[in-house]
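To start, the structure under review is shown below, and the notes come after it.
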Amino acid sequence: MILIIAPNLEPSLCGVSDYAIELRRLFKNQQIDVFIIALSDAYIENVQIDQFSLRIPRKFNNNYKLKRTIECVQQLQPTEIYFNLVSYGYQAKGFPLYLLKIFRLLKKPITIIAHELWMGNFKNETIKNKIIGLIQKQLLIKLFRLSNIKCIFVSTDIFKNILKSVEIDAKTLPVFSNIPIHIAHEDQISSSQTVTFILFGSIAFHLDVQAFIHFILKEFLHKGKYVVINHVGIYRGHINEWESIKKNLSSHGVIFKEYGIVAPTIISKLLQSADYGLTSYMLPFWSKSGSIAAMLAHGLPVISISKYMPLEQHTDNVELNSRIFQITILGENNFINSIQKIEKNISYNELIFKKMIEENPIF
């Protein structure tokens, strides 16, 4: 029995929820029983429990969360606990102090999957964020150094380097694709005169608005191509920048389609019919995005339209992905003729899971 702890368990609305659900599926494929505790679920009002999961609303007090977690561990007797860490998921202000108390009381091996660390690692962050980051840093270091922490996975080499600087060992593990590949009965054929992009999820980082507009004009519109840009999912984040892109390019004939929240099968079809993926993540953070993983699994080249934000440090030996390109340098190469879609990789998540098990054997 494996116990997975995540903040939420609402599919399609939370990347960490999707990750926990996919991790459960991958374990069950190995005939391993799995139970999930959503410890601070922002999407429900009342406790929900069934044979596979326990969901505790965020508004419930920490003592209740502690009590129910301990009860579950005593009842289920899991071999190991997989804990999905994202500080703001467990406490609205990013200071989940109660996690320390819970983990000190658990007598089981814990594997931490750190989707985020602490704030304050960018040069241009506010003083407020840097102060918050210092407090978060002290809390998480205490958490990572608990005696029952068996293994720590982080989603990027940047995070691995940050932990190394405070003498904590971690292993880099890209996140899973959050969209299963839907095998369509018909071939996805696009017109040679139409170029389709897809962006889904929230806008995580500031966008390089002018660079993207210039790219679309130079590489496509000025060459007589028609451009369609699809956006799928929750529309939040740096939306003013995205609206600026839409307003400018719409005046040049670019078609923007907003799909909102739709079924994963529909998203998979849109990915298969697209020519390129778009992401607001910077290149060094490609491996922490389930949306990027979905694009890569569906065979798409991915273009990062984020602005470059310099880190304080920790950039040594960061592995990039050869299928992801930075918008500011695309015009230097013959991009359009050299970068094409590749075959879909239906085993994308299974390969990441295999790496997880090899580096952290359960038994």
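For segment 282-305, what are the residues that are modelled with pLDDT under 90 and within 20 Å of Phe215 (Cα to Cα)?
Met282, Leu283
Is there a residue in segment 50-65 that is within 25 Å of Ile179 (Cβ to Cβ), in a strand (DSSP E or B) and among the hydrophobic types (A, V, I, L, M, F, W, C)?
So far as segment 50-65 goes, no, none of its residues is within 25 Å of Ile179 (Cβ to Cβ), in a strand (DSSP E or B) and among the hydrophobic types (A, V, I, L, M, F, W, C).
Could you say whether any residue in segment 308-315 is at pLDDT 90 or above, of a type in the set (A, V, I, L, M, F, W, C) and farther than 16 Å from Ile216 by Cα?
no
Taking Ser291 and the conditions (1) surrounded by fewer than 20 Cβ atoms within 10 Å (Cβ to Cβ); (2) in a helix (DSSP H, G or I), which numbered condition does it fall short on, given that it satisfies the others?
The one condition Ser291 does not meet is (1).
Could you tell me which of the residues Gln77, Gln48 is in the same structural domain as Ile131 (by TED's automatic domain parsing) and at positive phi?
After applying the criteria, what remains is Gln77.
Looking at Lys225, is it loosely packed, with under 15 Cβ neighbours inside 10 Å, of a type in the set (D, E, K, R) and farther than 17 Å from Leu270 by Cα?
No: the conditions fail for Lys225.
Taking helices (runs of 4 or more DSSP H) that do not extend beyond segment 87-204, which have at least 1 residues that are surrounded by fewer than 22 Cβ atoms within 10 Å (Cβ to Cβ), touching a helix residue (DSSP H, G or I) at 6+ places or on another chain (Cβ under 8 Å) and not assigned by TED's automatic domain parsing to the domain that holds Ser268?
98-105, 127-144, 157-164
Residue check, Arg55 against (1) closer than 21 Å to Arg104 by Cα; (2) modelled with pLDDT of 95 or more, all met but one. Which one?
Single failed check for Arg55: (1).
From the residues in segment 66-77 that are touching a residue at least 12 places away in the same chain (Cβ under 8 Å) and more than 26 Å from the chain's Cα centre (by Cα), which one is surrounded by the fewest Cβ atoms within 10 Å (Cβ to Cβ)?
For segment 66-77, the residue satisfying everything is Gln77.
So if I check each of Ser268, Ser244, which one is within 19 Å of Ala211 (Cα to Cα), in a helix (DSSP H, G or I) and hydroxyl-bearing (Ser, Thr, Tyr)?
Selected residue: Ser244, the only one of Ser268, Ser244 that is within 19 Å of Ala211 (Cα to Cα), in a helix (DSSP H, G or I) and hydroxyl-bearing (Ser, Thr, Tyr).
Out of segment 203-219, which residues are free of Cβ contacts under 8 Å to residues at least 60 places away in the same chain and under 29 Å from Asn178 (Cβ atoms)?
Within segment 203-219, Val209, Ile213, Ile216 meet the criteria.
I'd like to know if segment 266-283 contains one or more residues that are on the phi > 0 side of the Ramachandran plot, out of contact with any His (no Cβ under 7 Å at 6 or more places or on another chain) and buried (at least 16 other Cβ atoms within 10 Å of the Cβ).
Scanning segment 266-283 turns up no residue that is on the phi > 0 side of the Ramachandran plot, out of contact with any His (no Cβ under 7 Å at 6 or more places or on another chain) and buried (at least 16 other Cβ atoms within 10 Å of the Cβ).
Name the pairs: first residue in segment 86-106 and without any contact (Cβ under 8 Å) to a residue 40 or more places away in the chain, second residue among the small types (Gly, Ala, Ser) and outside any helix (DSSP H, G or I), Cβ to Cβ under 6 Å, at least 6 apart or on different chains?
Sorted first by the residue in segment 86-106, then by its partner, the pairs are Tyr88/Gly94.
Taking the residues in segment 34-64 that are of a type in the set (D, E, K, R) and loosely packed, with under 15 Cβ neighbours inside 10 Å as candidates, determine which candidate is nearest to Thr265 (Cα to Cα).
Step by step, filter segment 34-64, then rank; the result is Asp50.
The values are calculated or read from the model by the stated rules, or taken from the named source; none is laboratory data. Note that the structure is a prediction, hence the values are computed from the model and not measured. All Cβ positions, even for glycine, are placed from backbone atoms using ideal geometry, and neighbour counts span all protein chains on display.
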